[in-house]
Amino acid sequence: MNSSVLSIQNLCVNYITPGDPVKAVNDVSFEIQQGEIFGLVGESGSGKSTVVQAILRILPPPAVIAGGKVIIKNKDILSTSNTEVMQYRWKQISIVMQSALNALNPVLTVREQIEDVLKEHSDLKSKATEDRTKELLSLIDIDVSWLDSYPHQLSGGMKQRVVIAIALALMPPVIILDEPTTALDVIVEREILAKIIELRKELGFTILFITHDLNLLLEFADRVAIMKNGRLVELDKAQKIRSGGKHDYTQKLIRSLPSASGPREKGLLPRPENLDLGEQPILEVQNLSKSFHDSGIFNPRSIDVVKNVSFQVFPGEIIGLVGESGSGKSTIAKLITRLIRPTAGDIFLKGSNKKVSEARRVPLEYRKQVQMVFQDPFGSLNSVHTVYHHLARPLLRHQLISEQDLLDHIIEMLETVGLRPGTTFAEKFPHEMSGGERQRVAIARALSLGPDLIIADEPTSMLDVSIRMEILEIFARMRIEKNLTIIFITHDLASARYLADRILVLQHGSIVEQGKAEDLIRSPKEQYTKQLIKAASPGWLRSLSFNNNTKDKDVGHV
Amino acid sequence: MDKNNDSIFTRWITGILRNRKAITGVAIIFIFIFLAVLGPFITEDPTAFLGTPLSPPSWEHWLGTNGQGQDVLSQTISGARQTLLVGFTTGIMVVLIGALIGGISGYYGGRIDDFLSLLINVFLVMPGLPLMVILASWLPPGPATLTGVLVLTGWAWNARVIRSQMMTFRSRDFVSAAIVSGERNIRIIIVEIMPRMLSLLASSFIGASIYAIGAQVGLEFLGLGDVSTVTWGTNLYWASNDMALLTGSWWAFVPTGLSIAIVSFALTMINFGIDEVTNPRLIAERVWRENIPMDTVVNGITPVVRDHE
């Protein structure tokens with residue numbers, strides 16, 4: 001049954017540098033069969049996006065395709081003329097790019113952007129073009145009344161659907177989806193994926209799906225290929241991969257993240273046997289609100305980002321603050337770290353009943369007690385300074401240590417967070433380290449002042465899947481070793497379940513539900529929480545898509 | 001113990017020294033500075049009457065004499081002194097004032113920004129050239145006046161650029177991280193943010209210097225400088241006054257004009273070099289183009305080069 005629609009043979013892609021060329025894709029071969037969903041998984045830098053961009057020959061300089069074949073309909077795209085390449089893009093194969101939310105032109109309406117593709121590649125009359133455009137919109141469940149709207153008027157999910165509609169416009173036999181849902185919230189993400197799979201059933205196209213999230217892919221892919229450092233390390237049926245795979249790296253990926261449903265797996269993250277929490281809350285937030293004003297002359301608006309939020313945090317506790325983007329969770333982090341001032345409400349630190357949110361100037365003492373770990377380890381370290389500088393400055397500023405002991409202390413801090421040998425790492429610049437190493441430096445910096453409270457704002461969401469657990473483990477360990485209190489902010493209910501003792505669920509700036517982590521996961525009360533849990537559990541696809549009888553046997557493993 | 005600042009500078013300097021464009025520019029500028037400093041020791045008195053006015057280049061006067069019978073070579077070399085001094089001083093001051101006002105405005109925001117932006121905008125909308133002419137003719141002539149006038153009319157644009165750059169840095173996580181760790185604002189600006197703006201500051205300095213040299217020569221050419229001193233601007237002023245152009249005495253103005261052009265060219269080269277050192281992508285793209293056959297370069301289609309490597 002050799003009905004391959006797309007065949008990639010020994011593809012090599014180099015990035016030309018002043019030195020030796022960097023081999024971004026090294027001898028990759030695979031075939032995609034008619035009608036299947038083929039998944040390509042890899043972490044950042046693995047070359048997965050480079051592969052699909054090479055298929056369309058849309059890699060920007062300094063990339064060069066150094067060898068191999070890309071065969072579609074018995075024709076090697078890598079040896080055709082340039083005009084033929086233009087012909088084959090979108091007609092034979094189309095792509096939904098990673099940054100799909102920015103893929104739409106902000107000054108053109110939805111109608112213009114879809115019709116653009118139709119006019120370029122087909123001879124449809126204007127009436128027929130309009131009909132086709134409307135048909136495409138209804139395919140992706142967007143009302144025709146949105147046809148003349150501009151991208152900024154659409155929500156993230158709708159924009160994503162429009163981009164998919166554009167990819168479908170000419171009904172190419174193969175569609176490439178390159179991380180199509182990364183910028184979306186979990187619930188929206190799942191809806192869109194269900195929609196794509198439903199459309200595939202209806203229209204019969206073949207999908208090449210690129211993602212870094214293996215667990216997501218295993219829900220719906222027929223076959224999965226795993227890439228690492230530009231090479232294919234494993235290629236197999238999804239069931240086989242799910243049950244472990246052959247390669248060590250595959251197993252590492254499989255084990256990387258726990259699920260939000262089912263029994264809690266023991267021993268993933270260390271948790272103290274008996275929580276010995278203090279009587280007095282270390283942090284108390286009362287009726288906290290924050291609104292941002294848009295002081296336009298013509299339509300001044302005010303957006304309430306955080307609405308009347310109250311909660312207490314006890315010493316030695318890990319609180320999980322869970323919400324989607326726009327739920328106000330990062331704003332709460334900034335309010336507590338006092339990077340911004342609340343519109344209303346109070347923050348009390350250490351039960352001293354001293355309002356800390358009043359004074360304009362933040363006392364140095366507060367800075368010592370409350371520290372923060374940021375989401376983006378590439379942005380939170382200053383690229384012109386060494387690790388040494390990042391760790392030394394806070395210590396010197398707070399005069400916690402004499403200059404002679406400084407280096408020893410810093411090396412010790414680095415080794416605490418797993419950066420060994422500390423002497424080597426102290427001299428490194430941020431760009432000389434991987435994302436995971438940088439995040440460890442950021443954690444070491446937060447820990448170095450010996451704070452009572454650390455606010456970790458999505459500390460793992462920009463990191464590769466396989467190292468997320470290791471980073472969470474540092475927090476779990478520090479809590480036990482240093483009796484640290486941690487507010488862990490995340491959009492991922494599953495990781496909150498494993499790290500946090502208590503979970504607060506945020507929606508639109510308010511807390512909708514809170515409770516002990518396990519209780520909340522097992523018996524959620526609010527509809528929204530239930531949705532979140534469902535979206536983060538295996539088998540979500542079955543509950544969302546409709547007559548999914550052919551794939552039922554594949555999904556739903558717990 | 002703070003060895004880090006060294007590192008960024010070292011990285012930069014080695015980058016610049018390895019860059020062909022930048023090193024060309026730096027070399028030319030150094031030659032001119034060298035001549036300007038040593039000028040008085042290697043040339044004859046540029047103001048002395050030495051021979052027949054407007055005599056063409058000869059063994060005695062390599063570049064001839066001007067309308068006053070002065071040696072053109074001596075005049076050109078001596079002229080570099082004040083012209084470059086005023087040019088680079090203005091460049092430095094424009095960047096310093098721009099960094100101070102733009103930096104404070106962008107970092108602090110709020111009312112401080114409202115006020116300082118207003119100030120910047122006022123200076124931006126003021127017509128620079130007429131203001132320069134009026135101020136230069138009203139104040140006592142001399143290098144200090146020139147510098148002052150050029151700085152006054154030139155700082156605002158730089159401040160504006162630095163302000164917007166500062167605003168984007170202000171919202172970065174590494175700045176928030178520094179604030180959370182208790183760092184003082186002034187230290188955040190100087191130690192954390194300014195090194196990140198180095199390329200902007202350096203190219204602002206170069207741009208402002210080119211502007212200052214050009215504007216200064218222009219003012220002096222109009223007779224608004226001190227015509228008794230020897231600068232590139234007054235050289236041109238006298239050449240024009242002595243009707244060098246009408247009599248076809250090209251040697252009276254070409255050496256000075258060429259020097260101005262070469263200095264501007266060299267500064268621009270340094271600017272390109274800084275661009276390439278701070279934006280490795282530019283170099284990567286250049287190398288890419290050099291490494292693949294010309295006929296495979298088509299916009300928007302990745303080239304296939306099978307025998308590559």
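Structure notes:
- Qualifying residue in segment A:72-88 (condition: out of contact with any strand residue (DSSP E or B) (no Cβ under 9 Å at 6 or more places or on another chain) and aromatic (Phe, Trp, Tyr)): no
- Hey, B:Pro46 surrounded by 14 or more Cβ atoms within 10 Å (Cβ to Cβ), in contact with a strand residue (DSSP E or B) (Cβ under 8 Å, 6 or more places away or on another chain) and either hydroxyl-bearing (Ser, Thr, Tyr) or away from every other protein chain (no Cβ under 14 Å) (or both) or not: yes
- A:Lys119 vs. criteria free of Cβ contacts under 8 Å to residues at least 60 places away in the same chain and more than 14 Å from chain B (Cβ to nearest Cβ): yes
- Within segment A:164-241, strands (runs of 3 or more DSSP E) holding 1 or more residues that are out of contact with any Gly (no Cβ under 8 Å at 6 or more places or on another chain): A:174-178, A:206-211, A:231-237
- Residue within segment A:19-35 that is touching a strand residue (DSSP E or B) at 6+ places or on another chain (Cβ under 9 Å), within 14 Å of another protein chain (Cβ to nearest Cβ) and farther than 18 Å from B:Trp288 by Cα present: yes
- Flag for A:Val25 being at pLDDT 85 or above and either over 26 Å from the mean Cα position of the chain (by Cα) or under 24 Å from A:Ile197 (Cα atoms) (or both): no
- Scanning segment A:1-21 for residues that are modelled with pLDDT of 85 or more and not hydroxyl-bearing (Ser, Thr, Tyr) yields a total of 9.
- Test result for B:Glu192, among the charged types (D, E, K, R), farther than 22 Å from B:Ser55 by Cα, in a helix (DSSP H, G or I) and more than 14 Å from chain A (Cβ to nearest Cβ): no
- Segment A:457-502, residues that are among the β-branched types (Val, Ile, Thr) and farther than 22 Å from A:Ala446 by Cβ: A:Val465
- Restricting segment A:83-111 to residues that are in a helix (DSSP H, G or I) and surrounded by 15 or more Cβ atoms within 10 Å (Cβ to Cβ), the residue that is nearest to the other protein chains (Cβ to nearest Cβ): A:Val85
- Scanning segment B:169-183 for residues that are without any contact (Cβ under 8 Å) to a residue 12 or more places away in the chain, within 7 Å of another protein chain (Cβ to nearest Cβ) and not β-branched (Val, Ile, Thr) yields a count of 7.
- Hey, A:Arg397 crowded, with 20+ Cβ neighbours inside 10 Å, at the interface with chain B (Cβ under 9 Å from one of its Cβ atoms) and more than 23 Å from A:Met462 (Cα to Cα) or not: no
- Filter pass, A:Arg420 being of a type in the set (Lys, Arg) and more than 11 Å from every other protein chain (Cβ to nearest Cβ): yes
- Which listed residue, of A:Arg223, A:Arg190, is surrounded by 22 or more Cβ atoms within 10 Å (Cβ to Cβ) and closer than 23 Å to A:Ser537 by Cα: A:Arg190
- Condition check for B:Leu201: in a helix (DSSP H, G or I) and either closer than 26 Å to B:Gln165 by Cα or modelled with pLDDT under 90 (or both): yes
- Across segment B:252-267, the number of residues qualifying as buried (at least 16 other Cβ atoms within 10 Å of the Cβ) and in contact (Cβ under 8 Å) with a residue 40 or more places away in the chain comes to 9.
- Restricted to segment A:329-350, and to residues there that are more than 14 Å from chain B (Cβ to nearest Cβ) and in a loop (DSSP other than H, G, I, E, B), the residue that is farthest from A:Tyr366 (Cα to Cα) is A:Thr343.
- Selection of helices (runs of 4 or more DSSP H) fully inside segment B:228-309 by the criterion of at least 2 residues being of a type outside the set (D, E, K, R), away from chain A (no Cβ under 11 Å) and closer than 30 Å to B:Leu201 by Cα returns B:232-241, B:254-278.
- Hits in segment A:97-116 - residues which are in contact (Cβ under 8 Å) with a residue 60 or more places away in the chain and within 19 Å of A:Tyr150 (Cα to Cα): A:Ser99, A:Ala100, A:Leu101, A:Ala103
- Count of residues meeting criterion [exposed (fewer than 14 other Cβ atoms within 10 Å of the Cβ) and more than 10 Å from chain B (Cβ to nearest Cβ)] in segment A:53-74: 2
- Test: residue in segment B:150-157 that is in contact with a Gly (Cβ under 9 Å, 6 or more places away or on another chain), at pLDDT below 95 and at positive phi: no
- Check on B:Arg111, part of a helix (DSSP H, G or I), of a type in the set (Lys, Arg) and more than 29 Å from A:Asp376 (Cα to Cα): yes
- Which listed residue is in contact (Cβ under 8 Å) with a residue 60 or more places away in the chain, touching a Ser or Thr at 6+ places or on another chain (Cβ under 6 Å) and surrounded by 18 or more Cβ atoms within 10 Å (Cβ to Cβ), from B:Ala212, B:Ala239: B:Ala212
- Only one of the listed residues (B:Leu73, B:Leu96, B:Leu54, B:Leu17) is without any contact (Cβ under 8 Å) to a residue 24 or more places away in the chain, more than 14 Å from chain A (Cβ to nearest Cβ) and either over 23 Å from B:Leu150 (Cβ atoms) or exposed (fewer than 15 other Cβ atoms within 10 Å of the Cβ) (or both). That residue is B:Leu17.
- Helices (runs of 4 or more DSSP H) lying entirely in segment A:489-558 (those with 1 or more residues that are modelled with pLDDT of 80 or more): A:493-499, A:517-522, A:527-535
The values are calculated or read from the model by the stated rules, or taken from the named source; none is laboratory data. This is a predicted model, so every value here is computed, not measured. FYI the Cβ positions are ideal-geometry reconstructions off the backbone, even for glycines, and counts take in every protein chain you see.
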